[in-house]
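See structure below.
The values are calculated or read from the model by the stated rules, or taken from the named source; none is laboratory data. Everything numeric in this text was worked out from a predicted model, so none of it was measured. Positions of Cβ are generated from backbone atoms using ideal geometry, with glycine treated the same way; all protein chains shown enter the neighbour counts. All accessible areas refer to the heavy atoms of the entire protein, side chains included, with ligands and DNA or RNA removed. Shrake-Rupley method; radii C 1.70, N 1.55, O 1.52, S 1.80 Å.
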Amino acid sequence: QLVESGGGLVQPGGSLRLSCVPSGFTLNYYTIGWFRQAPGKEREWVSFISSSGRSTDYGDSVKGRFTISRDNAKNIVYLQLDSLKPEDTAVYYCAADYSPLEIMQTEEYEYDYWGQGTQVTVSS
C-alpha cells in the first residue's frame, strides 16, 4: 500500500532521493517512518516525520546526512540521502501510521502500512 522508489547504485559520498507514495489513500494524517535492512542484519529505524511535517528525527547513524520531508499536497514523502557510505547499503522501506500527533515513532510495530522496499547500494 506504499510504494518506494529512487534507490540505486551510487559511489561513496554520493546522493540519492527516495520517494514514498501511497496507493489508495492520502498521507495527510499519517506519520511516516523510514527503515532499512542490510543483508544479515535486523531492520533498523532511519527517520520519521509527523503528519504535519513539523516533527522529524533521525537515527544516530544517519543524523546530519539524511533529510526527511513531505509534500502533503502532492501526497509524497521524501528521504534525501547525502554523503552516502558503504554501510548505508540496504533495502529502504517506508511505513505509515494513522496519527495526527507530534510523537516520534521509531518502532516497527507502531506502523500499519509498509512498502516493498527499494535497494540502495553504495559502492565504488
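Remarks
- Charging the Cβ of each Asp and Glu at -1 and of each Lys and Arg at +1, and nothing else, the dipole of the chain about its Cα centre rounds to 420 debye.
- The range 92-124: GluC sites (Glu not before Pro) in DSSP coil with no more than 12 other Cβ atoms inside 10 Å: GLU102, GLU107
- Counted charge near GLY53, where neighbours are those whose Cβ lies closer than 9 Å (Asp, Glu -1; Lys, Arg +1): +1
- Gyration tensor (alpha-carbon) shape descriptor, the chain, a/c threshold 1.5: prolate
- Spatially proximal lysines relative to LYS41 (Cα-Cα < 21 Å; intrachain offsets below 8 disregarded): LYS63, LYS85
- In order through the range 47-61: 3J(HN,Hα) via Karplus (6.51 cos²θ - 1.76 cosθ + 1.60), integer Hz, x for Gly, Pro: 6, 9, 9, 6, 4, 7, x, 6, 10, 9, 7, 9, x, 4, 6
- The range 36-77: trypsin sites (Lys or Arg not before Pro) falling in loop per DSSP and having at most 11 other Cβ within 10 Å: LYS41, ARG54, LYS63, LYS74
- Just the protein heavy atoms count here, and of the accessible area of the chain at 1.4 Å, carbon and sulfur take up 46 percent.
- For the chain, the residue among TYR58, GLN11, VAL46 whose Cα projects farthest onto the positive side of the dipole built from Cβ charges is GLN11.
- Extension gain for GLU107-ASN28 works out to 26.4 nm (0.36 nm per residue, less the C-alpha to C-alpha distance).
- With protein chains left intact and a 1.4 Å probe, residues in the range 1-72 average 49 Å² of accessible area per residue.
- The ellipsoid equivalent to the alpha-carbon distribution of the range 17-80 has semi-axes of 21, 14, 10 angstrom, derived from the gyration tensor eigenvalues as √(5λ) and listed largest first.
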